[in-house]
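Enquirer: Take a look at the following structure, please.
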Amino acid sequence: MIFESLVADVPVLKSAIVTLDVLFTQIAWGWIIVMNMWAKSIATGVFFVGLYMMRKYPSSETFYKYLIPILGLIFVGITLLFTVIDLHKPFRAFYIFLHSHFTSAITWGAWFINIYSLVLVLWLWATIKKDEKLFSKLAIPGLVIAFLTTVYTAGLMGLSNAREIWQTPTEIVQMILAAGLAGSAIFLIVGKINLDDAQKQKLGVILGFAALFSLIIYISELIFAPTKSEEAEWVVHYLTHGAMAVYFALGLIIAFAIPAALAFVSNRTKNSMLLLPAALLALVGLWMVKHAWLIAPQMMPLS
């Protein structure tokens, strides 16, 4: 990793650049990146879940029409804010757009998230102006760009060297499930008063299934990843017996196990009151799981 670049202090070589190429032994992607991923899950999840609920319950169409762009823009803003905070020289980010080289997941992601922001702005404009023609044209492109915005980080993680448990196909599935979990959870919280029991139960079903399948995938990774390589075995050790063990275990319970159980009981008893704590726990636990999953592979030495 490039640590620092200096202009050579030799008169005849003033234009030369001396690069100090040293091993970076610390955690490169920390809690700031976790905030980015967590907020992005909510920002895109509201589009997936909101559009489905709008079609399923036309009587509440106006409620979802306004909340999709408002919540989406708020959490896209949080995503972009923490992206800028993480950049050492944030103004250089403009080069991604001025001199785009589409060989990196970072470039693709920058374009995806900004196009998604534009779609949300147009969606809000169409809702305020009651422009049904524009609104109908935004649904499918919005779904496509929301999907790409959700999963581009999976490509970035899959390209990272020596990060054995970050495999792009699995990460794509996890990020889609995280969007479903986060989107349904935020609607249950925000719509606590406005939504009827039928809609809350439907959101609870989405949350429950997303939580259950996420839990199954993470546990499967813990069981089968060590059989792939020694590096993957060490990463799983950090997650199950090392510094991140308690954090990761609590995250799995809080984000997935308890919300899935509460959603199941709520569906069986028709008690929608159980879905609010399920939603809150899901959002808190999702941050914990993503934090542990991001940090643990970086604890393994690269050499």
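Only the coordinates and a few stated rules stand behind these numbers; no lab work does. The structure displayed is predicted, hence computed values, not measured ones. Reconstructed Cβ throughout: ideal geometry from the backbone, glycine too, with neighbour counts over all protein chains shown.
Enquirer: Could you sort 58-70, 180-192 so that the peptide with the highest average Cβ count within 10 Å comes first and the rest follow in order?
Expert: 180-192, 58-70
Enquirer: By the scheme Lys and Arg +1, Asp and Glu -1, what is the net charge of all other residues having a beta-carbon under 14 Å from that of L177?
Expert: Every neighbour counted, the sum reads 0.
Enquirer: What full-extension length gain, to one decimal in nm, is calculated for Y57 and I189 as 0.36 nm per residue of separation minus the Cα-Cα distance?
Expert: Gain on extension, Y57 to I189, equals 45.7 nm.
Enquirer: Work through the residues other than F63 whose Cβ is under 14 Å from its Cβ and net out their charges, Lys, Arg +1 and Asp, Glu -1.
Expert: +4
Enquirer: Counting other beta carbons within 10 Å of each Cβ, put S136, S160 in order, fewest first.
Expert: S136, S160
Enquirer: Here is a further query. Starting at the first residue of the range 184-190, write each ³J(HN,Hα) from the Karplus equation 6.51 cos²θ - 1.76 cosθ + 1.60 with θ = phi - 60°, in whole Hz, x for Gly and Pro.
Expert: 5, 5, 5, 5, 5, 6, 5
Enquirer: Gain in length, I128 to S229, computed as 0.36 nm per residue apart minus the alpha-carbon separation, to one decimal in nm?
Expert: 30.9 nm
Enquirer: Between V205 and T103, what is the label-point separation in nm under the 7 Å Cα-to-beta-carbon projection?
Expert: Distance between label points: 4.8 nm.
Enquirer: Taking the Cα centre of the chain as origin, sum charge times position over the Cβ atoms of Lys and Arg (+1) and Asp and Glu (-1), and report the length of that vector in debye to the nearest 20.
Expert: 1180 debye
Enquirer: L159 versus I85, label points 7 Å from Cα toward the beta carbon: distance in nm?
Expert: Each label point lies 7 Å from its Cα, and together they span 2.5 nm.
Enquirer: From the backbone phi of the range 112-121, what are the Karplus-calculated ³J(HN,Hα) couplings (6.51 cos²θ - 1.76 cosθ + 1.60, θ = phi - 60°) in whole Hz, Gly and Pro given as x?
Expert: For the range 112-121, the Karplus-derived couplings read 4, 5, 6, 5, 4, 4, 4, 4, 5, 5 Hz, x marking Gly and Pro.
Enquirer: Here's something else I'd like to know. So how do 268-277, 222-231, 166-175 stack up, highest first, on mean other-Cβ count within 10 Å?
Expert: Most protected by this proxy first, the peptides run 166-175, 268-277, 222-231.
Enquirer: To the nearest 20 Debye, how big is the dipole of the range 111-189 about its Cα centre, given +1 on the beta carbon of each Lys and Arg and -1 on that of each Asp and Glu?
Expert: Result for the range 111-189 is approximately 300 debye, rounded to the nearest 20.
Enquirer: Going toward the positive end of the dipole of the range 166-292, with +1 on Lys and Arg Cβ and -1 on Asp and Glu Cβ, which of S266, V173, I186 do you reach last?
Expert: Result: S266.
Enquirer: A follow-up question, please. Pick out, from L51, V121, F135, the residue whose Cα sits farthest towards the positive end of the charge dipole of the range 2-298, with +1 on the Cβ of Lys and Arg and -1 on the Cβ of Asp and Glu.
Expert: Going by the Cα projections, it comes out as F135.
Enquirer: Can you give the FRET efficiency to the nearest 0.05 for I219 and N271, using r as the Cβ-Cβ distance and R₀ = 35 Å?
Expert: Calculated value: 0.80.
Enquirer: Place a +1 charge on the Cβ of each Lys and Arg in the range 154-248 and a -1 charge on the Cβ of each Asp and Glu, then give the dipole magnitude about the Cα centre in debye, rounded to the nearest 20.
Expert: The calculation lands at about 360 debye.
Enquirer: Among (i) 202; (ii) 121; (iii) 141, which is the computed volume of the Cα convex hull per residue in Å³?
Expert: (iii)
Enquirer: Let me ask another. From Cα pairs below 8 angstrom and at least 6 apart in sequence, can you work out the relative contact order of the chain, rounded to a whole percent?
Expert: With pairs under 8 Å counted, the relative contact order is 19 percent.
Enquirer: Which of the lysines could be linked to K129 by a straight reach, that is with a Cα gap under 26 Å, when you skip same-chain ones fewer than 8 residues away?
Expert: K56, K65, K137
Enquirer: How many lysine pairs are close in the range 160-303, with Cα atoms under 15 Å apart and the two 8 or more places apart or on different chains?
Expert: Close lysine pairs under the 15 Å cut-off: 4.
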